[in-house]
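Heads up, the thing below is written out as structure tokens.
Every read-out reported here was derived from the displayed coordinates using simple, explicitly stated rules and does not represent laboratory data. All figures in this text were calculated on a predicted structure; none of them were measured in a lab. Here the Cβ is made from the backbone with ideal geometry for all residues, glycine too, and neighbour counts use every protein chain on show.
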Amino acid sequence: MTTAPRPSGIPPMPERNPKALRAAIAEHTPALLPDFDAHWKWAIADTYDLAPVPAFMAQWWTEFALARDPRLARTVHDLEARAADAATATEAKQLLTQAAHLRREAGKAEPGR
């Protein structure tokens, strides 16, 4: 599968496996790569435990899905920053709920999309 950006400029999601995800991150969102590699080393490689791989993939799948779309990433980060500065807990909760919804939707991206 190609990882060339689509006409929108947003690269497609890779195959759903750690190797393909890492390659897509390295190619399209290299600023995430040090954290991806450190998390992999800490959670998987150093422990020789594959049980955390599904949770690892879910987290990084969503992170890449957001980061590959700068407009979406800015929106989510803005909502989270506004929540941190919110005047009330109710306002913060509403902002974080919106950010969480966008994160969940991003995490549903299918390979090739």
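Within the range 103-113, does at least one residue satisfy the condition of being hydrophobic (A, V, I, L, M, F, W, C) and either in contact with a Gly (Cβ under 7 Å, 6 or more places away or on another chain) or loosely packed, with under 15 Cβ neighbours inside 10 Å (or both)? No, the conditions are met nowhere in the range 103-113. For the range 65-105, the set of residues classified as over 18 Å from PRO11 (Cβ atoms) and basic (Lys, Arg) consists of ARG82, LYS93, ARG103, ARG104, listed by residue number.
Here is the figure for the range 27-59: residues that are under 18 Å from PRO70 (Cβ atoms) and either surrounded by fewer than 14 Cβ atoms within 10 Å (Cβ to Cβ) or in contact (Cβ under 8 Å) with a residue 40 or more places away in the chain (or both) total 5. Where helices (runs of 4 or more DSSP H) fall entirely within the range 1-81, those with at least 3 residues that are within 30 Å of GLU91 (Cβ to Cβ) are at 53-67.
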